[in-house]
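For reference, the structure is listed below as structure tokens.
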Amino acid sequence: MNNDTTLRIERVIDAPREAVFAAWTTAEAMEEWYQDGPNYEARVIELDVRVGGGFRIEWGPAGEPPYRETGVYRELVEPSRLVIMETLEGPGDAGWRDTQLTIELEDHGGKTLLKLTHELPTRDKRDGAAGGWPGFLDRIERYVTR
């Protein structure tokens, strides 16, 4: 792991870890939290939640070329850990290939301490992800606390 290109985010979410884990592993939840704005659409095309299985989702502004994200589950420990090898393809140079995303969920007195670690290829990609992940986490939090 290169500390220079690795993004780390921690957040306490006021929901049990089972609910937060489900937000990362169910199509209904993913289609909601991938909507990055009021005119965005998200569609889970494939979801096979098991080690060696994966997901494919398309998302972005309605009527524009979508981002395409694919992931392969490397590790699944319900409800505490997900390790995903992720590729993001997007308009222009927006994406990355084969990056490792680790989600750790710890019980925090009835709440969940979420630890996100995303290993990216460059500082620019890390900085871009640092601008995007907080919004995704906000939407996950809204989804599990409504």
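Candidates in region 7-24 are the residues that are aliphatic (A, V, I, L, M) and within 17 Å of ILE84 (Cα to Cα); of these, the one that is surrounded by the fewest Cβ atoms within 10 Å (Cβ to Cβ) is ILE9. So, of the residues in region 71-98 that are at pLDDT 95 or above and outside any strand (DSSP E or B), which turns out to be surrounded by the most Cβ atoms within 10 Å (Cβ to Cβ)? By that ranking, first place goes to PRO79.
Cβ-Cβ contacts under 7 Å between residues 6 or more apart (or on different chains), taken from a first residue in region 44-70 that is in contact (Cβ under 8 Å) with a residue 24 or more places away in the chain and part of a strand (DSSP E or B) to a second residue that is surrounded by fewer than 16 Cβ atoms within 10 Å (Cβ to Cβ) and aromatic (Phe, Trp, Tyr), are listed as TRP59/TYR40; GLY60/TYR40; PRO61/TYR40.
Residue pairs whose Cβ atoms lie under 7 Å apart, sitting 6 or more positions apart in sequence or on different chains, and linking a residue in region 25-43 that is loosely packed, with under 14 Cβ neighbours inside 10 Å to a partner that is acidic (Asp, Glu) and modelled with pLDDT of 95 or more, are ARG43/GLU31; ARG43/GLU58.
Inspect region 6-22 for any residue being touching an Asp or Glu at 6+ places or on another chain (Cβ under 9 Å), assigned to a strand (DSSP E or B) and of a type in the set (Val, Ile, Thr) and give the result as yes or no. Yes, region 6-22 contains at least one residue that is touching an Asp or Glu at 6+ places or on another chain (Cβ under 9 Å), assigned to a strand (DSSP E or B) and of a type in the set (Val, Ile, Thr). Taken over region 99-128, the criterion of being of a type in the set (Asp, Glu), touching a strand residue (DSSP E or B) at 6+ places or on another chain (Cβ under 6 Å) and loosely packed, with under 15 Cβ neighbours inside 10 Å is satisfied by GLU106 alone.
The values are calculated or read from the model by the stated rules, or taken from the named source; none is laboratory data. Just so it is clear, the structure is predicted and the values come from calculations on it, not from any experiment. Note: ideal-geometry Cβ built from the backbone for every residue, glycine included; neighbour counts use all protein chains shown.
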